[in-house]
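The values are calculated or read from the model by the stated rules, or taken from the named source; none is laboratory data. If you're wondering where the values come from, they're calculated on a predicted model, not measured in any experiment. Cβ sites come from the backbone with ideal geometry, for glycine too, and all protein chains shown count toward neighbours.
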Amino acid sequence: MKKLLKHLDEKGLTLGSVESMTGGLFAGEFTSIPGSSKVFKGSVVTYATEIKEKVVGVKAETIEKFGVVSVEVAREMAECGRKLLNVDVCVAVTGNAGPTCEPGGKPAGFFCVAVSTKDGTSVETFKKMKKRNGVRNSAVLAMRDLVYLKTI
């Protein structure tokens, strides 16, 4: 995370996050670094679907059509979050950390990470065969890496 903080600071970019399955873990890790306030503006934890919709602005139709754990929802979380938090870069994650799979849902260990910048939004999907907190930690690392790659 220190490398990402230095990178964003050198580029003069602000960062925010919209987190579902990680429950704010990315924001917590990033803000544990001294000086992170130069870059990090805020985070919204959208563990409940209604928060994705009512606070962040994800369309109910998107959730109904694609499911809460989807590329489409991750994309809207990042794009809406970038506007809401007024940041240059917003990273978002939605997924199923497990240990179970909800009926009709994505399997445990599956998650989507989206990064939105002025140049557009990128989304990647991941499947990690780990226990719950291992999946959450993997998601944070994926968020860190994708933000770095999309801001080079």
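Here are the numbers:
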| quantity | calculated |
| --- | --- |
| Qualifying residue in segment 76-97 (condition: more than 20 Å from Lys11 (Cβ to Cβ), buried (at least 18 other Cβ atoms within 10 Å of the Cβ), in contact with a strand residue (DSSP E or B) (Cβ under 6 Å, 6 or more places away or on another chain) and among the hydroxyl-bearing types (Ser, Thr, Tyr)) | yes |
| Among the candidates Ile63, Ile33, Ile51, residue that is part of a helix (DSSP H, G or I), aliphatic (A, V, I, L, M) and surrounded by fewer than 17 Cβ atoms within 10 Å (Cβ to Cβ) | Ile51 |
| Failed condition for Met129, given (1) in a helix (DSSP H, G or I); (2) over 13 Å from the mean Cα position of the chain (by Cα) | (1) |
| Yes/no for Lys3 being over 13 Å from Val93 (Cα atoms), touching a helix residue (DSSP H, G or I) at 6+ places or on another chain (Cβ under 8 Å), outside any helix (DSSP H, G or I) and modelled with pLDDT of 95 or more | no |
| Criterion (among the small types (Gly, Ala, Ser), under 19 Å from Leu146 (Cα atoms) and free of Cβ contacts under 8 Å to residues at least 24 places away in the same chain) met by exactly one of Gly109, Gly95, Gly120 | Gly120 |
| Test for Val113: is it part of a strand (DSSP E or B), within 20 Å of Phe30 (Cα to Cα) and modelled with pLDDT of 95 or more | yes |
| Residue match in segment 140-148 (condition: surrounded by fewer than 22 Cβ atoms within 10 Å (Cβ to Cβ), hydrophobic (A, V, I, L, M, F, W, C) and at pLDDT below 95) | no |
| So Val87, is it closer than 16 Å to Ala27 by Cα, assigned to a strand (DSSP E or B), at pLDDT 95 or above and touching a helix residue (DSSP H, G or I) at 6+ places or on another chain (Cβ under 9 Å) | no |
| Sole residue being within 16 Å of Val18 (Cβ to Cβ) and among the charged types (D, E, K, R), chosen from Lys83, Lys106, Lys130 | Lys83 |
| Residue count for segment 127-137, restricted to those that are in contact with a strand residue (DSSP E or B) (Cβ under 9 Å, 6 or more places away or on another chain) and free of Cβ contacts under 8 Å to residues at least 24 places away in the same chain | 2 |
